[in-house]
Structures are given as C-alpha cells and as structure tokens.
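Input: a single structure, listed below in structure tokens.
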Amino acid sequence: MSEINPLKPDFAFSFRSIVSAPAGALELKKIFIGGLSLLAALAAYDCLVYLAVAVDGLSISHFFQAHSLFPFSGLRFVTLPAKALFGSGVLLGLFVVMHGFLAIALITIEELRGNRLCSAKDGIRFSLSRWKQTALALGAMALFLLFLLGFNSGLGLVARIPWIGDALYSVLFVIPGFLVALFTVVIALVFVLSFLILPAATAADRIGESFTSIVETFSTFLRQPFRWVGYTVFSFGSAKVCVWILSAFSALALKSFLWLSSLTGGETVAQTFAGGARLLPLRGSLIDFTTNLWPNLQVAGVEIGFDIGRWSKGGSDGFAAVIMAFALVIIFAYVWGYGISILATSQTYTYVIIRKLRDDYDVTAEDPMFLDNEWINPPLDDSAVDSAIDSVENVDDTEETNDNVADVSNH
C-alpha cells in the first residue's frame, strides 16, 4: 500500500463524489473509449442483424434502404434462427459496450489510486484481457438463472401426479415454490444490472477471478440497494443533461464551421454536408432524446432543444456524401461517448463508495496497477559499486604519479 501519494485526488466517500462524476468523465481518453465502444457495438449488431435478414430470406438491399446502418425499429423476423441471430446481436452489442465501461472504470480507479498517466491504450488492453472473466461471470449467472427457471417450471409436473398431485402442489406452493420464485426474480434483476455493476467490480479486481466479480456485483446491489439506485438514477439524469449540452455545443460548432468554410467553398460545402446527413436517420426517438433536454418538455410553449432533421435538405449524392455520413457518425459517437463516460465513471465511484461503507475497505489506497516507481538515478549493485571505487582509486593513483613526475622535472 502507498502511504503518501501527492497525485491522488481528494475523493469523498459520499454523494459529493457522484455529483462530480460528469467533471471526472470529461476526459478525451474516456470519451474516446466510450465512443469507440458504441461504434464497435453498432458494427457487431449490424453484422448479426443483416445475417438474420439473409437467413429470413429478405432482400438485403431493400432492408438497407429502409434502415441503413441503424436497424433499431420495425424489425420483424420470422424464423427461429433469424430471431436467435437478432438476440445474439443485441447481447453482443451490450457486451461490447460493457467492456467500454470496463476500460473507463480501470482508468478511473487508477486515477483514484494516484496514477493519472493511465492511457486509453492501457484501459482498452486491460478490458480485452478480461473478456473471459466477464463472459464467465455473466455465463455463470445466466446458467444459475436458467436452473432456477427450470426448477420453477418442474414443480408444475407435481400437479400431474394422479390423485394427490393437486394437493401436493398446494403444499409445495410456498416452500420451496414461492421462495425459489422470489430468489429467481432477485437473480434476474442482478443479472440485468450486472451490465452496469460488473465492469467496476472487475476493474478493481487485481487477480482476475470471475467468482470475485460475481460476489462483488451481488454485494454491491444487495447490501446497499437504495444507495446504489439513488446514485444510479442521478448518474443517468446527469448523463442525459450533459449529453444534451454537449450536443448543443457540437451542433453550434458544426454550423459555425459550415458557415466559415462555405465562404470559400461555396454551395459545394452545404450540398456535401446535407448529402451525408441524408444518409443518417436524423429524425426519431433517439435523436429527439439527444437534441432535447427532455422529449415533449415545453417551457412557455417552447421545447428546450433544437432540430437537426433539416440538415439533410438539398443534399447531393455521391462518394463524398458517404464519407461525410461516416464523419457525422464519428461526431455523434463523440457526443454519446461522453454519456457512456459519465455512466461508467459514476458506477465506478459508486462501487468504490459502497465498498468502503460495506467492508471498510478503501480501493483507492491500493497501489496502481499500471504505474511502476522507477528511480531517476537507479541504485548500483555491489559489483558496480566496487568497479566505481576501483576507477576512482586508479584516477587518484594516476594523479599522484603525475605529480611526482612533475616534481622531479622541476628539480
């Protein structure tokens, strides 16, 4: 343990730290990881969705014209393999975003330990190295949940026993039936919430054991449920407001850049930008949720937000428009990446606070995992010291001999 580390921030094990999470999340490396995880999740999701479209025998070109790279609504798959591929795409996308949470959580914990030099590369590398740990933890919880569901379903077979089945089912209805069902609901709830809690617990684990991640995930929620829910609700609210503010500033920056560049580029600038915007779904619930403080919220009859749907008017087609569309996707990923950074940082702060209150254990007092204390002037071993002493003695002998020769010459 490090006794004194002047680089450690002043972290309060209270709600005050949760309030400061948006400021702690406003780092380029965290926002980069958040945006990158969203883009990677979208790519994985799109691949499996379009594979499901092909399995269902639908036209991929028509599907692309209707949904482009954002097939989020109006999806109806018929065959069971296509439905399985779609579900796998959703789970894989969540798994990728969760590892973005993990990388941000690692950087946040390292900062709390006094290592402000932990880079995005370190966080991503750590996250990729722990994918087996998180996959095994989620898989173990899922298998246990399936076992409980099977047990509850199996109790229904008791009612089919001739003559005494209904009476025996009534006897077993409360114990173990109801108790197991209640436990199943708790396990299912923790399994869903583990996509938020598990990354922070994994980032704080120095050994890399799946069982430790499972235990910490359950303990974080079950032993401090009201505190965790309160902190999480606030973090989601702050992420929503901060993403809206950042989106407003980003839209203003885009409009000012387009106006300045159109002074020299002419109509080509506006047409290229509008052509790229036309390839994106700039109208919809997700966009409205991003560009408005809250959808359908009005103050004095005026919505607090802005409309980007008109960006696509008068656009031109072509290869330049496709490149512009990808550029706009990167900007949107940057905006939403800040929201991911806020949620991951808030969950990490929440875990550290609850761990301290629960077990009286300070995660921030541990030594950083990615910071080696190196000597500016490294100490020498015994052989090097003896060699240095011999060199000094040889220099002294040489100087004494030169002095004697000089005296003889003078005489």
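The values are calculated or read from the model by the stated rules, or taken from the named source; none is laboratory data. Everything numeric here is computed off the predicted structure, so don't read it as measured data. Every residue, glycine among them, receives a Cβ derived from its backbone with ideal geometry; neighbour counts consider all protein chains shown. Accessible surface areas use protein heavy atoms only, side chains included; no ligands, DNA or RNA. Shrake-Rupley method; radii C 1.70, N 1.55, O 1.52, S 1.80 Å.
Observations, loosely collected:
- Any hit, segment 127-138, residues being closer than 16 Å to residue 91 by Cα, among the aliphatic types (A, V, I, L, M) and loosely packed, with under 15 Cβ neighbours inside 10 Å: yes
- For segment 140-160, the candidate set comprises residues that are of a type outside the set (Gly, Ala, Ser), modelled with pLDDT under 90 and open to solvent by less than 70 Å² (accessible area, probe 1.4 Å); within that set, the residue that is nearest to residue 209 (Cα to Cα) is 152.
- Note on segment 163-200: residues that are within 39 Å of the chain's Cα centre (by Cα) and small (Gly, Ala, Ser) amount to 5.
- Summed over segment 316-375, the residues that are of a type in the set (Ser, Thr, Tyr) and either within 30 Å of residue 257 (Cβ to Cβ) or in contact with a Pro (Cβ under 6 Å, 6 or more places away or on another chain) (or both) give a count of 5.
- Selected residue [surrounded by 13 or more Cβ atoms within 10 Å (Cβ to Cβ), at pLDDT 95 or above and of a type outside the set (Phe, Trp, Tyr)] from 184, 232: 232
- Note on segment 45-78: residues that are open to solvent by less than 20 Å² (accessible area, probe 1.4 Å) and part of a helix (DSSP H, G or I) total 4.
- Criterion (open to solvent by less than 20 Å² (accessible area, probe 1.4 Å) and not in a helix (DSSP H, G or I)) met by exactly one of 339, 315: 315
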